[in-house]
Each structure stands twice: as C-alpha cells, then as structure tokens.
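Okay, structure first, notes after.
The values are calculated or read from the model by the stated rules, or taken from the named source; none is laboratory data. Nothing here was measured: the structure is a model prediction, and the numbers come from that model. In this analysis, Cβ positions are derived from the backbone assuming ideal geometry, glycine residues included, and neighbour counts consider all displayed protein chains.
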C-alpha cells in the first residue's frame, strides 16, 4: 500500500512539472519540445516576435576552429488585460522555454509610466519584455559582437578543445520628453544588463 502511494506521489510530481512548462491557448496545450509549426497552428500568430542567431565557436587547436549556429526565436502572446503575457523561447524551431510576464493589454504601452519607473527597470529581462512594457525604442544601435572568455578564472593556458559563445551587444534609446534625459538600455544576446541616463 505504501509503495502504491509513493508511485502515485511521484507521478503527481512529474505531472505538475510537465504542466508548469506548458502554455494553454484556448482549449489547446503546448509544451516544451513542441515544434514551432505546432504552436503556430494551435495558438495562432504571436503578438510580437524577436529572432536572433546564437553563435558558438569550438576551438579544436590554436589554428583550427568550428562554428555552430542556433536560431533563437522569442514569441509573446498578449491575451488581454485579464491574462498574463505568455513568452515562448524556441531554438532551431523547437520550444525550449515558456514563462509569464505582467498582465497583458499592452498593444499600446504607456511610455510615461515606463519613464516614471525607468530607474527600477529590472535587469535580465528579455528585449520583448521591455518592448511590451515601454514600447518600441526611439533608436536601436548594434554596438558590437565580441567573444566570451575562453579561459576560466585562474587558468592561464588554453586547453583544447575549448568553447566560447559570441556576445551580441545592442543599445536601445528612449526619449521621454525634451527636458528629460535619454534612457539607454544595454542588452547582451537580447538580455537587459544595464540602464543609464544621458543628461540634457
């Protein structure tokens, strides 16, 4: 009897874990590892889409390297002001992650509200999350592409094979009024890491 109860408990935990990585749209349910085509068929077109390339370099020797690329798509569904924003992350057209944001109804973001709280913009947010909150920026600039460090801290000599990921750095600028400083958001691989003000 105790053994049966234990099995039921394990199955319940697994079911809860699976559902926590699922997104319900209408009567349909999509989960991690579903194909992008299935998600689009069941849920329709997303509100916004962001697409980028993730590049990894495998150093096989001082003179030989191999590059690989992953297409990363982030979708957001705005299901209205009574529902949380639903974010889906795909890698090479396969759903890898699902998470929720603020409440929806942000097809027309309140830029003034974003301006009032810009000093409290949380770090490590995805570009789509920022755009849903603040609207499209007044200016977008691609700053640079650089590689992450190959050597761990404390290691002075390369050991092959070794891997590194290319980092794409972008900056978004928001202008909230002629008398207000510009707000510049710095992203690395689509994730917000820094906010700064440029005085006028």
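If you scan region 59-74, which residues turn out to be without any contact (Cβ under 8 Å) to a residue 60 or more places away in the chain and more than 19 Å from residue 126 (Cβ to Cβ)?
Taking region 59-74 as the starting set, the residues that turn out to be without any contact (Cβ under 8 Å) to a residue 60 or more places away in the chain are 63-71, 73.
Result: 63, 64, 65, 66, 67, 68, 69.
Yes/no matrix, rows are residues, columns are (1) modelled with pLDDT under 95; (2) surrounded by 11 or more Cβ atoms within 10 Å (Cβ to Cβ); (3) at positive phi:
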site: 23; (1), (2), (3): yes, yes, no
site: 28; (1), (2), (3): yes, yes, no
site: 61; (1), (2), (3): yes, no, no
site: 75; (1), (2), (3): no, yes, no
site: 90; (1), (2), (3): no, yes, no
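Condition (residue is free of Cβ contacts under 8 Å to residues at least 60 places away in the same chain, touching a helix residue (DSSP H, G or I) at 6+ places or on another chain (Cβ under 8 Å), part of a strand (DSSP E or B) and closer than 15 Å to residue 96 by Cβ) applied to region 44-58: is it met by at least one residue?
No, region 44-58 has no match at all.
Of everything in region 182-193, what is part of a strand (DSSP E or B) and either touching a residue at least 60 places away in the same chain (Cβ under 8 Å) or crowded, with 18+ Cβ neighbours inside 10 Å (or both)? Give them in sequence order.
Filtering region 182-193 for residues part of a strand (DSSP E or B) gives 182-188, 191-193.
Hits for region 182-193 are 183, 185, 187, 191, 192, 193.
What number of residues within region 97-152 are part of a loop (DSSP other than H, G, I, E, B), crowded, with 16+ Cβ neighbours inside 10 Å and modelled with pLDDT of 90 or more?
Residues meeting the conditions: 2.
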